[in-house]
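Read the figures in this text as sums done on the coordinates, not as results from a lab. Values in this document were obtained by computation on a predicted structure and should not be read as measured data. Please note: Cβ atoms are built from the backbone with ideal geometry, for glycine as well, and neighbour counts cover all protein chains shown.
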Amino acid sequence: MQRYLLKRIFIGFLTMLVVITIVFFLTRVAGPADPTAILLPPDATPEDQERLRAKFGLDKPVMEQYFLYMKNALQGDFGESFRFGEPALELVLERLPATIQLAGLALFLGLSCGLFIGILSAVYRDTVLDRIGRVLALIGMAVPQFALALFLALIFGVMLEWLPISGRGGISHLILPVISMSMVGLAAYTRLSRSSMIEVLNSDYIIMARIKGVPYYRVVLVHALKNSCIPVITFIGMTFPALITGNVVIETIFSWPGVGNLVMTSIFARDYPVVQVIVLLLSFMVISINLLVDITYAYLDPRIRFE
Amino acid sequence: MNNQGGIQVKNLTKHFPITSGVIFSRTIGVVKAVERLSFSIERGKTFGLVGESGCGKSTTVNMILGLEKPTSGDIYIDGENIIGLKRKKIFDLRRKIQAVFQDPFRSLNPRKKVKQIISEPLLVHKIGTKKQRHERVLELMDLVGLKPDAADHYPHEFSGGQRQRIAIARALSLNPEMIILDEPVSALDVSIQAQIINLLVDIQQKLKVTYIVISHDLAVVEHISDKIGVMYLGQLVELASVKDLYNNPLHPYTQALLASVPIADPENIRESVLEGEIPSPLNPPSGCYFHPRCNKMQPECKKGKKVLHESSPGHFTSCPLFA
Amino acid sequence: MTENINKDLLLKIQGLKTHFFTKRGVVKAVDGIDFSIRKGEIVGLVGESGSGKSITSLSIMRLVPKPAGEIVEGKILLDNENLLEKSAEEMRQIRGNRISMILQDPMVSLNQILRVEYQIGEVFRFHKKTNGSLREKCINVLKNVKVPSPELRIRDYPFQFSGGMCQRVVIGMGIANSPELLIADEPTTALDVTIQSQILQLMKRVQQETGAAILMITHDLATVAQICSRVMVMYAGRIVEKAPVHTFYKTPAHPYSTGLIKSVPVLGKKIGRLFSIEGQPPSLLNPPAGCCFASRCNMAKEICHSEYPPEITLDENANHRVSCWLHA
Amino acid sequence: MLFKKNNKKQRKVNNRIPFVGISFVGGFLFLVVFGNWIAPYDYEYWDMASMMLPPAWLDGGSMAHVLGTDALGRDVFSRLIHGSRFSLLIAVACIACYGTIGVIMGLLSGFMGGITDMVIMRLCDLWMSMPAIILAIILVSLMGPSALTVIIVVGIAGWPGYARIVRGECLSIKQNDFIRLARVAGCSNFRIMFSHVFPNIANTLIVLVTLNIGQMIILTATLSFLGLGTQPPSPDWGLMMNEGRQYINSAWWLVVFPGVAILMAVLGFNIVGDWLREILDPKQKLR
């Protein structure tokens, strides 16, 4: 088990290094235009431009830039934002709590409601309840996040004027973004937990538990729930990148002051140091979430632990 | 041993390494799946290999079929050693050995029609024209008792017994000298088992093929074999003709095995004689692997390697009590 | 057919029909069976795959897989109480307490990710029998079925047990509450020969110690001969013959039984050629009219193809009965 | 009697064909093929005289523009019809792109095992730790936003998903004895891979592709919506919603109709995909 984890951490670290390298070369080297161009006033002289390039270290050979970047990166220095002149890492970390609040709530809501509906649907299979659950899940999977967000904003923000549709503030600011962001996950977890639960409920050990006279609710909650959670947990790791995409969309629509919003503005402003930090941060999150998933998996399934 | 056809297996051994490591794997142990297995059988006869799960039966099958490479040892077919042959030679050799496996539901490709399944070996070996192959398929189907209109159907339309007939027809398509039957009837219903066993016996009489039957069902093996080997934890513990083995089993494991088989006769109630379970092949006992469960255990059983020796003509056992 | 009023009578099944409503039509898995089990006897129910023997056992437990399967007709009387009229909660009280069951594959009939102790404990926990330490009771269960070092093994997970040990655990759970009836559905099929005989031995001992009746469901005639006192043969959803075990092996009455006994190779009696029943069992989706075995029977008469035979008594105690026109 | 009533009750057999899903998909495909003849206007046709008209049934709407017009006076209905082709083409191009890579990688990985398997799976891990949106952001900043960018981004981002599923299927098919028997018969690796393994995963792939078309329509629309995909004046549904977003206070139809169009198309493909999964292979566990 420990060896398994060590292996995963090592691989995660390697992956990070590769991601840093890829992102560096893609943005710095293959970039089409001079990033400094849009920072300068239109009447700037070539000398001004040179000075600016030197300031950001863009006048050195590529490989030298790369090694310098790597060296600094390992010390926690990811350069300064072209646009704001502040350290890129700080700029991103400032925005992080807002994003975690939004994404975390959305994940929690989607996962808990999805599991709940999915299990009910499986246990009361082929009843009206199941039908409703399945139809809702189908629609939830089919509506794009940005469309849902706009529809909700239109109905509750514009027409009924019940809820704010932009910015971060009290709980009322959270409602629309969280709901529109969690819907896809909710639908997906509902479908997955339903099918996985049905499969588990058909297995021999469930019959065996019932033969022993265990009440059905206990069979579902103790025997079936733990077993059917295993694929759902794996699925969280697999869909985490989709959560990030959703986060960018929702933050853009609701002007949420988070990382997703920052990355969109930075990309159009060619603020590469910031983009790089965000890419690294997101990759880091994907890798750690997957590690977390592996640990949870091993906790749920002793077969992994005793491997 | 004579070299006139048939198969000779000499000191066949297969070890599987167990590896471990965070980044670079290293070997921390060895599972001796098959150890120094030797037997021979003449052309047209049947050799039965009996043993419980984990005794190395399927590894042996894989090695004879060329699907796995033995760690050491030789297999002679028609006097030719098939271990270490070139690719081309192995391909030619395929014509001589075919196989029928246990589960008729997993041994036929569900996406192919019966005629495609039966004729595939012919196609791969580029034998005959399309028309000739089709005729051959019909001939084979007749031989195994399938109606000709079955040729255009898919396997899922057949029951277990009929699927096993299809599998046998395919195995026969290249006119092999030998067929490995790996638990050929254990997945079938009782009333169907007898059909398939009779069919196999008929085919052997007609075509003079050699069979190697692998099974855990001693009654079935007794019924069709001429010679039987009993395996325990990767080793042959007894090797004898059917008559000798059943009338005069020497090795205590063979005796226990025979005594454990339930008999369909209420007048003949058996008592279980064997206590305990099969040890892990990862960490087998010292000396004779059977000694912890043996009721005739002597101090010398715990020491040294036990090899097969002839205790009476044609009757081999590894039990030190008969040395 | 009236059964003698018998104080020993434990379970009586009358006209039981369990059907499956599938996409392709109604599968009549169990199609009208009657039988009874006396207290403390071991009865064998023999049949090939798909003959409906497992569905019979699940019907008794009222655990037929829903929503496809359904008991459509009949009575299941345990001590003269119809189980089919019990509420879900009453039925739960009976399961694992008065009737329990062992499934075929021990490796999948235990939940692989829950500790053995918890799974054994469930037998006691839900039947209000929690006097005394639960752990000790669990250890006793393992001791009873001769699992070595039960104090340690109780903390293990099922995947750390071998197949034979798993089956011992399952049997231990089955008899933990001293049930009146233990249904064993192919308890040895998935095991090795030497382990098989150990498990059969164990079941015999358990029967003698607890006095439970055992309904032994199997396809293996040898197992039945070794352990049962009576045999029932099931074919295509119906019981075709019932007999005491000695009578059955000496003078089987139904052509199917005869064929079955003759087609099994017997250890130590090598004969030239096995008898074989030609043809395949019928589909339960559209079973033929009349006797289901008629198409494979070499003694079939005209009536066999058109009308299902009545049950005919062959001896004065009404112990040997057969459903076959040849004996009418 | 407790069980009497069930005798009379005719049990309905659950084997219906999903007409809703098929009609949505059928209608969508119909628009893709015949859109040019149905649409009253070209998608680039603009008419400043009739801008921001509401749908026909509201005050101020006209039958000439059934679903209203946008800020440039373009007909929403026509643009929606033309947009169907954009959506499908991009989605299909993406799937063809990564589906091919994914299937080949998955087959190689599952069939060869060993080092090949390890390298491909590590590559998958690496790829999956870079979310598609991030790849899109980087590539857009390099190549500028366009339909081609979307195809490249989504096309190379999606292959690990396919590779993993194909690998899993491949491994489970390899367990079957007919693969061993094919070796015994002397079949080459190539023959086993394409004659025995591939036909057995074909059904899985059909289901997967059907379900994926919906996902791709959503993903590409999302990228367009963020301004990272197709550019004006394309009638891409996501782009239309992006353009309509700034008028959400006054002209709701610019947002609602494209949204509903996406919803219906995706819903259709999802329902048909589910149905195919059920009839082709009820035991499949695709997500």
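Details
- Relative contact order of the stretch A:88-306, defined on C-alpha pairs under 8 angstrom at six or more residues apart (%): 28 percent
- When restricted to Cα atoms, the stretch B:235-323 yields an Rg and a Dmax of 13.9, 43 Å, respectively.
- Residue of D:L226, D:L181, D:L263 that the Gaussian network model of chain D assigns the largest fluctuation, springs spanning Cα pairs under 10 Å: D:L181
- Gaussian network model of chain C, springs between alpha carbon atoms under 10 Å - residue of C:V123, C:V266, C:V108 with greatest fluctuation: C:V266
- Counted charge near B:S241, where neighbours are those whose Cβ lies closer than 9 Å (Asp, Glu -1; Lys, Arg +1): 0
- The alpha carbons of chain C give a radius of gyration and a Dmax of 20.5, 66 Å, in that order.
- According to the Cα-based calculation, Rg over Rh for the stretch D:69-182 is 1.17, with Rh computed by the Kirkwood formula.
- Debye-sum result for chain A in log10 I(q)/I(0), which assumes one identical scatterer on each alpha carbon, at q = 0.11, 0.12, 0.14 Å⁻¹: -0.83, -0.94, -1.13
- Put the Cα centre of the stretch D:190-240 next to the Cα centre of the stretch A:152-218 and the gap is 26 Å.
- Of the DSSP H helices in chain C, those whose Cα atoms cover at least 24 Å axially and whose Kyte score averages -0.5 or more: C:193-210
- Total charge dipole magnitude, the protein assembly as shown, about the Cα centre, Cβ charges on Lys, Arg, Asp, Glu only, Debye to nearest 20: 2660 debye
- Residues with amide H under 5 Å from that of B:V237, placed H, sequence gap 5 or more: B:V230, B:M231, B:Y232
- Karplus-derived HN-Hα couplings along the stretch A:99-105 (A = 6.51, B = -1.76, C = 1.60, θ = phi - 60°), whole Hz, x at Gly and Pro: 5, 5, 4, 5, 5, x, 4
- Of the trypsin sites (Lys or Arg not before Pro) found in the stretch B:162-261, those in coil by DSSP whose Cβ has at most 12 other Cβ atoms within 10 Å are B:K208.
- Degrees, to the nearest 10: A:62-74 long Cα axis against longest axis of chain A: 50 degrees
- Helix-derived mean residue ellipticity, 222 nm - over chain A, DSSP H n ≥ 4, -39500 (n - 2.57), to 500: -24000 deg cm²/dmol
- Near D:F77: Cβ cut-off under 13 Å, other residues only, Lys/Arg at +1 and Asp/Glu at -1. The net charge is -1.
- Using the Stokes-Einstein relation with a Kirkwood hydrodynamic radius computed over Cα pairs, the translational diffusion coefficient of the stretch B:192-236 at 20 °C and a viscosity of 1.002 mPa s comes to 183 µm²/s.
- Cα-Cα separations in chain D greater than 25 Å, expressed as whole percent: 58 percent
- Each Lys or Arg adds one and each Asp or Glu takes one away; over the other residues whose Cβ falls under 11 Å from the Cβ of B:M231, this sums to -2.
- Dipole check for the stretch A:88-306: with +1 at the C-beta of Lys and Arg, -1 at the C-beta of Asp and Glu, and the Cα centre as origin, the magnitude is about 700 Debye.
- Its alpha carbons considered, chain B gives a radius of gyration followed by a Dmax of 21.0, 68 Å.
- Normalised alpha carbon radius of gyration of the protein assembly as shown [divisor 2.2 N^0.38 Å]: 1.08
- Tilt relative to chain D, helix D:253-280 - C-alpha long axis, 0 to 90 degrees, to 10: 20 degrees
- Projecting the Cα atoms of B:V201, D:S78, C:V123 onto the charge dipole of the protein assembly as shown, computed from C-beta unit charges around the Cα centre, puts B:V201 farthest toward the positive end.
- Near the amide H of D:Y41, within less than 5 Å, lie the amide hydrogens of D:S78, all on another chain or at least 5 residues away, with H placed in the peptide plane.
- Residue-averaged [θ]222 nm for chain D, counting only DSSP H segments that reach four residues, each worth -39500 (n - 2.57): -22000 deg cm²/dmol
- Farthest positive-ward along chain A dipole, Cα basis, beta-carbon charges - from A:V23, A:G76, A:T245: A:T245
- Projecting the Cα atoms of D:M105, A:S196, C:V240 onto the charge dipole of the protein assembly as shown (Cβ charges, centred on the Cα centre) puts C:V240 farthest toward the positive pole.
- Selected from C:N144, C:N286, C:N97 as most flexible by GNM, with chain C as the system and alpha-carbon contacts under 10 Å: C:N286
- Rounded to the nearest 20 debye, dipole of the stretch C:78-155 from Cβ charges on Lys, Arg, Asp, Glu: 420 debye
- The mean count of C-beta atoms from other chains within 10 Å of the C-beta of residues in C:269-276, rounded to a whole number, is 6.
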